[in-house]
Amino acid sequence: MVSMSTFLLFVVASLALVLIPGPNHLYIAARGISQGRAAAMASAFGVEAGTLVHIAAAAAGLSYVIARSATLFNVIKWAGVLYLLYLGVRALTSRQEFATRETAPQPLRAVFLEGVLVNVLNPKVTLFFLALLPQFVVPEAGAVPLQIVILGGTLLLLGLISDMIYAAGAGALGRRLRNRTRSLGYVSGAVYLGLGVATALSSRPV
C-alpha cells in the first residue's frame, strides 16, 4: 500500500495543482455565470465523475496507451476541441438560449452529463494521470492498480472541493448578471472558445 509519507507528499502536490485555476474551473464558472449556482454545482460533480473514468483508465493502463499513441491521443484531443468550440459558438450566437434559461433552465442531469463529457474529452487530464501519478506509485508496495485508485480518489476529492468553491462563486456572479443575457453569452462563449484553443495547443508527450 501507499506509505503515509508518499501519500502526504502526493496531497501537497495535488493541492498545488487543484488550487491553480485551470480548464475545469473555467468551465464550471461559465456554467455558473450562464445558469446559476445549481448548474455550477452539477457541472462540478459532472467534471469529477469524469475523473472516475480517468482513474479507471489509468488503473487499467489505458492512459499510457492513449498518451503514447499519436492516433488515439489526437482523436481524443480534437474531439474535445470541436466540442468546446461548438459550445462557444452556440453561446455567442444564441442570445435567446440564455434568455430562455432564466425561465426554463437546462435540466441539471444534462448539465451533469456535459461536465462528465468535457472532462473525459480533456487530454490534459489523461496526461496528468500519466505524468504525476506514476511518481508516487511504488510497485514493491503492493498492487499498482489499487495504489492508482487510492491516489486518483484523493485527487478527485481535492478537485471536487476546489470545484465546488468555484461553483459557489460563479453561481453568485450568475445571479448578479441574470438580467444581462447578452453579456452572459459573450462571457460563457469566450470561456468555451478559450478552453477549445487551450486544448488545441496542448502537445502530445514525447
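Extension gain for Leu82 to Ala38 (0.36 nm times residue separation, less C-alpha to C-alpha distance): 13.2 nm. Here Val149 and Ala200 are evaluated by their C-beta separation; at R0 = 30 Å the FRET efficiency comes out at 0.45.
Available extension along the chain between Met164 and Gln135 is 7.7 nm, counting 0.36 nm per residue and deducting the alpha carbon span. The distance between label points at Met4 and Leu52 comes to 3.1 nm (points 7 Å beyond Cα on the Cα→Cβ vector). Taking the average, over residues, of other Cβ atoms within 10 Å as the packing measure, peptides 68-81, 37-50 rank 37-50, 68-81 from highest down.
No value in this document is a laboratory result; all are computed from the given coordinates. What you see is a predicted model; the values in this text were computed from it and never measured. All Cβ positions, even for glycine, are placed from backbone atoms using ideal geometry, and neighbour counts span all protein chains on display.
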